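Written below as structure tokens is the structure these notes are about.
The values are calculated or read from the model by the stated rules, or taken from the named source; none is laboratory data. Note that the coordinates shown come from a computational prediction; the quantities given were computed from them, not determined experimentally. Cβ: placed from backbone, ideal geometry, glycine included. Neighbour counts: every protein chain shown. These area figures cover heavy atoms from the full protein model, side chains too; ligands, DNA and RNA do not enter into them. Shrake-Rupley method; radii C 1.70, N 1.55, O 1.52, S 1.80 Å.
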Amino acid sequence: MDTSMSTQVIGEIIGTMVLVLLGDGVVAGVSLRKTKAEGAGWIAITLGWGAAVTIGAYAAGYMSFAHLNPAVTIGMAIAGKIGWDMVVPYILGQMIGAIIGAVLVYIHYYPHWKETNDQAAILGVFSTGPAIRSLGANLISEIIGTFMLVFALLAFGMSKFGDGLNPIAVGILILVIGLSLGGTTGYAINPARDLGPRIAHAFLPIPNKGGSDWGYSWVPVVGPIIGGILAALLFMILPM
């Protein structure tokens, strides 16, 4: 990557903004009252998130490494794929992009918030939550899901893809993680994707919203980081 650090950070901002706009956008369409997609279900959400990651990666890929995820950035640094000097700027860009994307979802669905009385559904547009609240089990779910994500991304880096095809493979990866592993916690597998929109939920004047569930908020931050670290460590000790 021969672009400047500022350009790379802009890439991470834009890519993560697109990821959250389209990803949280599909959740809003399914969850909020009186949208045309209301009730479309889990399959629509997982398909939407897979496509959102693909489009976000395409949007960022000519400017940055298109990590769009602090757990991926940390994992790549541990595996020696990027320098440690890139970690903090990338994560800051990802957080900024995630917050902007969440604000855009709020604006886009503006009339539908006041039609929705379910506080959990409103929060679920912005951030993840467990199907069964058991913080230890929830943490393990996020570790496993993110381990699969980062390990697969590192493995993808060892393969040759045709020009422009890598983001499609990543989107399929996100889709299958959501379908296979996402039913427990909503598969944040990305600290910025969860924490950025959760912050937006806290400050936005959303009608009928409740609390932002800060008691759970550490799980989709700590779990993905641990999962990314473990994936990178395993990758490093395996034969090339």
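Tabulated results
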| read-out | value |
| --- | --- |
| Convex hull volume per residue for the range 76-162, taking Cα atoms only, in Å³ | 162 Å³ |
| Ordering of 132-141, 99-108, 10-19 by packing [mean C-beta count within 10 Å, highest first] | 10-19, 99-108, 132-141 |
| Solution diffusion estimate, µm²/s, Stokes-Einstein, the range 148-240, Kirkwood Rh from C-alpha pairs, 20 °C, viscosity 1.002 mPa s | 140 µm²/s |
| Solvent-accessible area per residue for the range 1-125 (1.4 angstrom probe, square angstrom) | 43 Å² |
| Top positive-direction residue, dipole computed over the chain with Cβ charges, set 154, 132, 80 | 132 |
| Peptides 169-176, 185-192 ordered by average Cβ neighbours within 10 Å, highest first | 185-192, 169-176 |
| Normalised alpha carbon radius of gyration of the range 1-107 [divisor 2.2 N^0.38 Å] | 1.15 |
| Rounded to the nearest 20 debye, dipole of the chain from Cβ charges on Lys, Arg, Asp, Glu | 340 debye |
| Reduced Cα scattering model of the range 48-201, Debye log10 I(q)/I(0), q = 0.11 Å⁻¹ | -0.45 |
| Percent RCO, i.e. relative contact order, over the range 109-197, from Cα pairs under 8 Å lying at least 6 residues apart | 47 percent |
| Accessible area expressed per residue, the range 149-240, with surrounding protein chains retained (probe 1.4 Å, Å²) | 43 Å² |
| Most mobile of 85, 194, 118 in a GNM of the chain (Cα contacts under 10 Å) | 85 |
| Residue-by-residue Karplus 3J(HN,Hα) for the range 125-130, coefficients 6.51, -1.76, 1.60, Hz, glycine and proline x | 5, 8, 9, 8, x, x |
| Surface share of carbon and sulfur [accessible, 1.4 angstrom probe, percent] for the range 1-124 | 67 percent |
| Projected label distance in nm at residue 208 and residue 110, using a 7 Å step from Cα toward the beta-carbon | 1.8 nm |
| Contour excess over end-to-end distance, with Cα ends at residue 236 and residue 180 and 0.36 nm allotted per residue | 17.6 nm |
| Distance between the range 1-38 and the range 174-190 - C-alpha centres, whole angstrom | 17 Å |
| Protein accessible area in the range 131-225, 1.4 Å probe - carbon and sulfur % | 72 percent |
| Cβ-placed point charges (K, R +1; D, E -1), dipole of the range 1-141 about Cα centre in debye, nearest 20 | 320 debye |
| The chain: relative contact order in percent, alpha carbon pairs under 8 Å with at least 6 residues between | 29 percent |
| Among 48-55, 232-239, the order from most to least packed when residues are scored by Cβ within 10 Å on average | 48-55, 232-239 |
| Overall Cα dimensions of the range 77-124, principal axis frame, Å, largest first | 49, 19, 12 |
